[in-house]
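The structure appears right after this line, and notes come after that.
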Amino acid sequence: MNRIFDAPAPIINKKEADTLDILTEKYTKLIEPSKLAKLGTKAGQLVPEKIKKWGIDISLNISEKELYSQMMNVIGSGFKTIEEQAAKFSINEKQIITKVNQNSGFEIQKLDEICLVRSYDIAKLVNTYKNQDTFVATIEGGGTGAFGFWGLPFNIVLSTFLYFRSVQSIAMFYGYDVKNNSTELVIASEVFTNALSPSTSDANNEATAIIGKIMLMSQAAVVKQTVKKTWTDMAARGGIPLLLAQMRALAHKSAQKALQNVGAKGLENNIFKEAFEQIGRKLTLKAIGKAVPIASAVTGALIDTAQMKKVLEYADIFYQKRFIMEKESRISNLIGE
């Protein structure tokens with residue numbers, strides 16, 4: 001029996017439309033250097049060049065020759081253990097659907113039906129979830145950081161995989177099925193990579209460029225047009241629907257290639273490994289402070305907590321914005337119009 005859905009009226013209300021501008025402002029602030037980073041830059045000018053060179057030589061020696069190779073070994077030989085640890089903190093589709101139904105007044109049965117819900121109702125659930133993942137990052141960073149340098153390879157890989165899983169969870173809250181749709185898993189990977197270094201991502205990566213444009217799009221460029229035009233009309237003229245279509249096409253192509261190489265069971269491992277190869281060397285430089293055993297538990301907890309907060313915020317901005325921008329087309333597909 002086919003289910004009958006009542007589309008919300010209007011599809012995108014004023015509060016959702018206004019949210020797009022707020023999200024754009026949040027993103028702009030997110031990629032700005034923090035006050036601490038700016039202070040660190042000024043303080044760095046006071047350090048003698050000889051001392052700077054000595055510190056750089058040590059950090060590069062550790063990160064390039066030892067840490068990075070050991071981290072790749074962890075991914076290659078110990079990914080199952082990483083998965084098992086992450087699974088303890090990961091949220092699943094059933095839990096998300098239950099939370100949405102409890103807080104939205106809907107009777108959602110599948111993730112793709114979440115498009116019927118208001119974006120700000122989903123955002124409330126995501127904010128609660130963010131607190132949970134931030135706490136997990138603190139515990140994980142302190143626990144695995146307590147072993148000092150010897151615990152670093154496992155610590156960095158596990159914490160980074162937890163960031164990746166957190167992006168996937170936020171995607172699922174907004175109705176994007178990363179578990180059963182390989183294209184959505186690839187998109188989540190791109191968002192995850194961008195979240196760790198949004199201002200220094202590979203400019204030659206087309207998907208990265210598209211995600212950046214989507215993050216900077218505001219209400220004026222998107223929603224005001226939906227009153228008089230369909231998404232098909234808008235796509236024909238370019239703009240955000242075309243960007244979203246291009247992003248999905250690029251991700252689909254990558255997913256198909258990965259599936260041919262490793263199959264469905266090894267897909268997440270393969271995608272995570274490729275993403276880690278892009279960001280792993282940068283992560284090692286931030287982790288050198290964890291190598292001192294006495295302070296490493298506290299340092300590890302602080303670093304991983306701050307990193308998790310940044311990743312969660314970035315993913316929430318992207319998926320909440322995408323949710324609003326695609327809402328009309330997703331509802332049309334759902335109800336068959």
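The values are calculated or read from the model by the stated rules, or taken from the named source; none is laboratory data. None of the values given here were measured: they were computed from a predicted structure. As a convention, Cβ positions derive from the backbone with ideal geometry for all residues, glycine included, and neighbour counts pool all protein chains shown.
Condition first: at pLDDT 90 or above, among the basic types (Lys, Arg) and either surrounded by 10 or more Cβ atoms within 10 Å (Cβ to Cβ) or assigned to a helix (DSSP H, G or I) (or both). Can you find one or more residues in region 40-57 that meet it? Within region 40-57, not a single residue is at pLDDT 90 or above, among the basic types (Lys, Arg) and either surrounded by 10 or more Cβ atoms within 10 Å (Cβ to Cβ) or assigned to a helix (DSSP H, G or I) (or both). For region 256-269, taking the residues that are surrounded by fewer than 16 Cβ atoms within 10 Å (Cβ to Cβ) and polar (S, T, N, Q), the one that is farthest from Val74 (Cα to Cα) is identified as Gln256. Residue by residue through region 1-23, note down the ones that are under 15 Å from Tyr120 (Cα atoms) and touching a residue at least 40 places away in the same chain (Cβ under 8 Å). Passing the criteria: Pro8, Ile11, Ile12, Asn13, Lys15, Glu16, Ala17, Asp18, Thr19, Leu20, Asp21, Leu23.
Pairs linking a residue in region 71-84 that is in a helix (DSSP H, G or I) to a residue that is buried (at least 16 other Cβ atoms within 10 Å of the Cβ) and of a type in the set (Gly, Ala, Ser), with Cβ atoms under 7 Å and 6 or more positions apart or on different chains, are Met71/Gly280. Specify the residue that is farthest from Ala171 (Cα to Cα); the eligible residues are those in region 105-122 that are outside any loop (DSSP other than H, G, I, E, B) and of a type in the set (A, V, I, L, M, F, W, C). Only one residue fits best here, namely Leu116. The single residue among Val178, Val157, Val167 that is in a helix (DSSP H, G or I), aliphatic (A, V, I, L, M) and either at pLDDT 90 or above or more than 16 Å from Ile271 (Cα to Cα) (or both) turns out to be Val167. Meeting the requirement of 1 or more residues that are of a type in the set (A, V, I, L, M, F, W, C), modelled with pLDDT of 85 or more and within 30 Å of Asp6 (Cα to Cα), the helices (runs of 4 or more DSSP H) wholly within region 219-337 are 240-262, 293-335.
Cβ-Cβ distances below 9 Å connect the following pairs, each with a first residue in region 260-281 that is farther than 18 Å from Ile187 by Cβ, a second residue that is at pLDDT 90 or above and of a type in the set (Gly, Ala, Ser), and a separation of six or more residues or different chains: Gly266/Ala258.
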